[in-house]
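To start, the structure itself, in structure tokens.
Computed from the coordinates by the stated procedures, all read-outs in this text should not be read as laboratory data. What you are looking at is a predicted structure, and each value in this text was computed from that prediction instead of being measured. Cβ atoms come from the backbone with ideal geometry, glycine included; neighbour counts cover every protein chain shown.
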Amino acid sequence: MPLSSAELQGFLSRIQPFSHLTRGEIKEVGSHLREAGYQRGQTIYNEGDAADSVWVVFEGRVQILKYTSEGRTFAIESLGRGELFGTLCRLGGNGKCYPCTAVAAGPTKVLRILDRVFLDFYVRSPGMVRGVCALCSRRLKDVQDLRCMGQESVPVRVATILIRLFHVHGPVIPFTKKEIAELSGTTLETTFRVLTQFQKKGLLLSLHKKIQIKKFEDLKTLTDTL
């Protein structure tokens, strides 16, 4: 069922960078949004596709993937409700292609806004500029953290990913072991072994297609001691 104007405007008013806009501007942005639905594994766009839109996750989850020359998949981000993607390549109007691939991680609804509309608001709205700057700052920090994490041991990497996902999803993380492995940059077998070790210590409970964090503070401490 299509979203109502009131639902769209209420949703936009709570997320970056649209939360910095006036009520009238949010209403105008909402009039340009288009909805699209995807099932698990469906591609929203591929690396190299023309970057003609900015996207927002309304419900579900989207994985941002990069493929190596050897054919390996590297998960850059896993985005949930209210998060933008396909954004940074559009700033300044210079990004012609998407640098990564976006795939639905489950039943997912996204909102799409054409880049010319997004860039128009970015140019003429001080509130939009503030919101985009805040968004870019957070994303750059995530990239820096990801690069630093690559130098850590596998248990630390897995624990770090679980902590990050805990802050987004709460104690029940709706991710499979394979998805945790991709985000941690390691193999499924190694991730399974690490999660089993964590479970034996009582830190978490590994369930079907989800992980329940039992002792968050102990898991957090683990990243400082391993």
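Helix 188-200: angle to the longest alpha-carbon principal axis of the chain, degrees 0 to 90, nearest 10?
The two axes meet at around 70 degrees.
With a 10 Å Cβ neighbour count serving as the proxy for reagent exposure, in which order, fewest first, do 83, 189 appear?
Least to most surrounded, the residues fall as 189, 83.
Need one number for the chain: average projected area of the convex hull over its C-alpha atoms, nm².
13.0 nm²
Given 5 Å bins starting at zero, what is the percent of C-alpha pairs of region 154-225 in each, up to the one with the largest pair distance?
3, 19, 33, 31, 12, 1
With Cβ to Cβ distances under 10 Å as the rule, what net charge do the other residues near residue 15 carry (K, R +1; D, E -1)?
+1
In the structure displayed, which of 66/178; 66/215; 109/141; 109/215 lie more than 22 Å apart, Cα to Cα?
Check vs 22 Å cut-off fails for 66/215; 109/141; 109/215.
If I take R0 = 25 Å and measure r between the Cβ atoms of residue 192 and residue 81 in this structure, what FRET efficiency does the formula 1/(1 + (r/R0)^6) give, to the nearest 0.05?
Between residue 192 and residue 81 the formula returns 0.35.
Taking neighbour counts of Cβ atoms within 10 Å as a proxy for exposure, in what order, fewest first, do 156, 62 appear?
156, 62
Mind putting a number on the dipole of the chain about its Cα centre? Charges go on the C-beta only, +1 for Lys and Arg and -1 for Asp and Glu, and I need it in Debye to the nearest 20.
Here the size comes out at about 440 debye.
Please arrange 224, 218 by how many other C-beta atoms lie within 10 Å of their C-beta, fewest to most.
Fewest to most other Cβ atoms nearby, the residues stand as 224, 218.
Place a label point 7 angstrom from the Cα of residue 206 along the Cα-to-Cβ direction, then list the residues of region 155-170 whose backbone nitrogen is under 17 Å away.
155-163
Going toward the positive end of the dipole of region 154-225, with +1 on Lys and Arg Cβ and -1 on Asp and Glu Cβ, which of 184, 208, 174 do you reach last?
208
Could you work out [θ]222 nm for the chain from helices alone, using -39500 (n - 2.57) per DSSP H run of at least four and dividing by all its residues? Round to the nearest 500 deg cm²/dmol.
Here the helix-only value at 222 nm equals -13500 deg cm²/dmol.
Give the cross-link partners of residue 27 among the aspartates and glutamates, using a straight C-alpha distance below 14 Å as the criterion and excluding same-chain residues fewer than 8 apart.
Once the sequence-local aspartates and glutamates are set aside, what remains near residue 27 is 7.
With N denoting the number of residues in region 1-110, provide Rg(C-alpha) divided by 2.2 N^0.38 Å, to two decimal places.
Ratio of Cα Rg to 2.2 N^0.38 Å: 1.11.
For the Cα atoms of the chain, what angle does the longest principal axis make with the long axis of helix 154-169, in degrees from 0 to 90, nearest 10?
40 degrees
Using alpha carbon centroids, what distance separates region 155-215 and region 24-74, in Å?
About 25 Å separates the Cα centre of region 155-215 from the one of region 24-74.
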